[in-house]
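First up is the structure itself, then whatever we jot down about it.
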Amino acid sequence: TATIRPGRLTALAGPSGAGKTTTSQVLLGLLEPERGGVRVVTDGASTPLSEISPASWWQQITWVPQRPALTPGTVLDNVLGPEAAARPGADEDPSLRQAARACGLDEVVATLDGGWHQRIGQGGVGLSVGQRQRLALTRALVARTPLVVLDEPTAHLDAASEAHVLDAVEALRAAGHTVIVIAHR
């Protein structure tokens with residue numbers, strides 16, 4: 001049985017085959033547990049995850065997989081969503097700028113010819129793996145969902161990108177998100 005509490009950082013660590021992915025799928029509500037369960041604690045009340053509608057649960061979660069889902073469009077579209085990105089001045093929003101700075105995406109945007117309006121391809125073509133991860137983490141910080149699940153956020157990254165990811169994880173926790181990090185170490 002797992003109890004998820006607000007504003008905490010939890011690591012789900014272990015070697016390959018230890019059940020990290022299965023555990024995360026139970027936490028995300030994609031699999032039913034064979035035994036035990038997940039309870040969500042809010043305002044002192046504890047509710048079994050099985051009693052929360054999947055749609056409601058998913059609205060409260062930001063999931064950042066090892067290979068973030070990025071769609072063709074601009075960097076800004078992929079961080080804010082196309083509707084929010086279309087608002088005049090969306091790229092000047094202080095909360096966006098702060099999130100980008102916390103995740104190191106501001107450094108990436110500064111190197112792109114089109115800045116926030118640089119077009120990227122399916123899956124983030126045009127960005128490195130580390131840049132894609134920074135974008136996904138910025139999106140998680142901007143989303144303001146109470147629960148953020150990060151699956152191997154530093155896998156396949158160089159030391160500089162890994163440092164930015166770790167800073168972003170701390171920024172998420174400091175912003176009041178409950179952060180669960182799935183990692184081999």
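The values are calculated or read from the model by the stated rules, or taken from the named source; none is laboratory data. Since the structure is predicted, the reported quantities are computational estimates derived from the model, not experimental observations. No Cβ is skipped: glycine too gets one built from the backbone with ideal geometry, and neighbour counts run over all protein chains shown. SASA here: full protein model, heavy atoms, side chains in, ligands and nucleic acids out. Shrake-Rupley method; radii C 1.70, N 1.55, O 1.52, S 1.80 Å.
Observations
- Dipole magnitude for the chain: computed about the Cα centre from +1 point charges on Lys and Arg Cβ and -1 point charges on Asp and Glu Cβ, it is near 340 debye.
- Heavy-atom SASA rank of E92, E32 (probe 1.4 Å, accessible area, largest first): E32, E92
- Solvent-accessible area of segment 55-185 (1.4 angstrom probe, protein heavy atoms only): carbon and sulfur portion equals 53 percent.
- The mean sequence separation of alpha-carbon pairs under 8 Å and at least six residues apart, normalised by the residue count of the chain, gives a relative contact order of 33 percent.
- Neighbours of V64 by Cβ distance under 12 Å: Lys/Arg scored +1, Asp/Glu scored -1, total +2.
- Extended-chain gain in nm, criterion 0.36 nm per residue less alpha-carbon gap, A110 and A160: 16.4 nm
- Computed over segment 132-175, the ratio Rg/Rh where both radii use C-alpha atoms and Rh is Kirkwood: 0.94
- Long-range amide H partners of V40 with built H, under 5 Å: T47, L49
- Pair-distance distribution P(r) for segment 1-106, from all Cα-Cα distances in 5 Å bins starting at 0: 2, 9, 15, 18, 15, 14, 14, 9, 3, 1, 0 percent.
- For the chain, complete DSSP H runs whose alpha carbons reach 15 Å or more along their own long axis and whose mean Kyte-Doolittle score is 0.0 or higher are 129-143, 159-174.
- Per-residue Karplus couplings for segment 8-14, computed as 6.51 cos²θ - 1.76 cosθ + 1.60 with θ equal to phi - 60°, are listed in order as 10, 10, 10, 9, 10, 10, x Hz, Gly and Pro entered as x.
- Among 148-154, 58-64, 81-87, the order from most to least packed when residues are scored by Cβ within 10 Å on average: 148-154, 58-64, 81-87
- Of all DSSP beta bridges in the chain, antiparallel share, percent nearest 5: 25 percent
- Residue (of S128, A183, V108) at the positive-pole extreme of the chain, dipole from beta-carbon charges: A183
- Residues of the chain: accessible area per residue with a 1.4 Å probe, Å²: 53 Å²
- FRET E, pair I52, Q118, Förster distance 35 Å, beta-carbon r, rounded to 0.05: 0.35
- Pairwise label distance in nanometres, A69 with Q25, each label 7 Å out on the Cα-Cβ vector: 1.6 nm
- Projecting the Cα positions of V40, G89, A168 onto the charge dipole of segment 29-185 (unit charges on Cβ atoms of Lys, Arg, Asp and Glu, taken about the Cα centre) puts V40 furthest along the positive direction.
- When the P(r) of the chain is calculated, the portion above 26 Å amounts to 32% of the C-alpha pairs.
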